[in-house]
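Quick notes on the structure that follows.
Laboratory data are not the source of any read-out in this text; all were calculated from the coordinates shown. Treat the numbers as computed from the prediction; the structure is a model and nothing was measured. Every residue, glycine as well, gets a Cβ built from its backbone with ideal geometry; the counts of neighbours run over all protein chains shown.
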Amino acid sequence: MLIRKHLLLAFVCISFYTTVEAQEQTDDWLWQLLKSKASPLLLHVLNNPDSFQYQIIYTEINRDQHNRPHFKNHYLHVDRNRYFNPASTVKLPTALIALEKLNTFRKPGLDINTTMLTDSSFSAQTAVTKDTSAANGLPSIANYVKKIFLVSDNDAYNRLYEFTGQDQLNGLLRNKGYQDIRIVRRFVTMTEEENRHTNGISFVRGADTILRLLPHYSRMSFDYSKEVRVGNAHYNRYDSLIKAPFDFTRHNNLPLEDLQHMLQSVLFPESVPEKQRFHISKKDRQFVLKQLSSYPSESEHPKYDTTEYFDSYCKFFLYKSGQQKPPAHIRIFNKPGWSYGYLTDASYIVDFNSKTECMLSAVIYVNRDGVLNDDKYEYNEIGYPFFKEIGEILIAYDRNRKRRFVPNLKAFRFTYNKN
C-alpha cells in the first residue's frame, strides 16, 4: 500500500468541498499571459469563452529542499457548474477504482495480470459480450488499463465498468470527496436501466477459478435535477435529425478540477489527503504511471497500427495537432477525452532536459453548426491547435520561470519499449 505519512498539503481547493457555492475562477495573470502570446486563431477563441466554453488550468509545481512538490493553480474560466461532456476522461477514475477494488480481495493468484472473463449474464448486454478489447493478449485488468491509457479503448472501459459496478464506482468516488462526479454509462448504446446492470465476472488461472463475482444491479440514486441541454439540434440513435438541443442531463459528469485532482493524486499521492488517494499497491501505481505516459509504438502486446494510432494520438497538449511525434526528453502523463464537439485533456508534463514539470488541463467545445452527432466538429481546425498553442505558451513560461530548487524527476523515468 502507499506510504501513509502526513505531509503539508500544497493543494487546497475550497470548491472541491463546497460545490454548490462554486463560481467561475479566472486568474487575470493567466489571461494576460495567453493573450500576449496568442496567434489570431487562439485570440479568437480566448475572446469568445461563451462560444467555445473553454476552461484552462495551469499548475506550477515547486519542489522544496526535500523534493516534495507544492502546487500553485492558475485558472481561466474554470467552473465546475458549467457542464461539458467528459467523454473518455471518465476512464481514468474507472481504471483507478478497478485497481483499488482488485486490491481489496487479497487472494493468492489474483493480480492485475490474472485472466478476467466477463459473462453474458443478461440479454440486454449482448452488445458488450464480444470482448474485442482482449485482442493480442489475454483479458485482464492490466490489459484493459493499458488499452485505456494507450489508445482510450472503449471496450476496455466497458469491461472495467462491469468489474467495478456502477454503485461501487460512484460510491468510492463520493467517499473520496468527489461529489460532482457521475459515471453511469458504458460506451455502447444502452438504456439507463441497462447500465445499472453489470455481468458476472470470473478470474481464472488455467483451469482454476480464483474469484467469481455474481451479476449485480445498482440501486444508487443520482441527482439529475439540473437540466443540461446543448446545441440547436442533434441526430438521434436512428440517424434522424431532431430540431432540439441534445439532452445531457442524465449523462456522465466529471468537472475539470476533479479530473486534474485525480491525476495529481495518482502522480503525487502524498500531496492530497489520505481520504482522496486511490489505495493501490506501489507496483500497480508504477504500472499506471508507465501506461499514462507510453505511446502506441512502444506497445508490443497489443501491437498497434501507428498510422492510425500515432504516438501523439492521446497527447492533445503540444503534439496532437499535426500528429507530431513527441521528443524523447518530454513525457506526458495524461488522460484525454473527445466527443460531441468537446475536447478535454488533463496532463502532467515533464521535460527531462530542462528539468521542469507542470500540470495542464483544458476543455474546449468546437461545434460551429450547433448540431450534435453529425460528426462535423472543428477538432482539427480549432480544437487541437488550441491545445498545441496554449501548451507551447505555458511550457515556455514554465521552463523560464525561476525555481528555488531543481526537481529530481527520476521517479517519472521509465524504461519503455518493453510492454
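Key figures
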quantity: Among Glu162, Glu257, Glu194, residue whose mean-square fluctuation peaks in a GNM of the chain (springs only between Cα atoms under 10 Å); calculated: Glu194
quantity: Value at 222 nm in deg cm²/dmol, rounded to 500, when DSSP H runs of n ≥ 4 in the chain each add -39,500 (n - 2.57); calculated: -8000 deg cm²/dmol
quantity: GNM top mover of Ser120, Ser36, Ser299 - the chain, alpha-carbon springs below 10 Å; calculated: Ser36
quantity: Cβ-placed point charges (K, R +1; D, E -1), dipole of segment 14-412 about Cα centre in debye, nearest 20; calculated: 1220 debye
quantity: Within a Gaussian network of the chain (alpha carbon springs, distance under 10 Å), most fluctuating of Leu343, Leu263, Leu42; calculated: Leu42
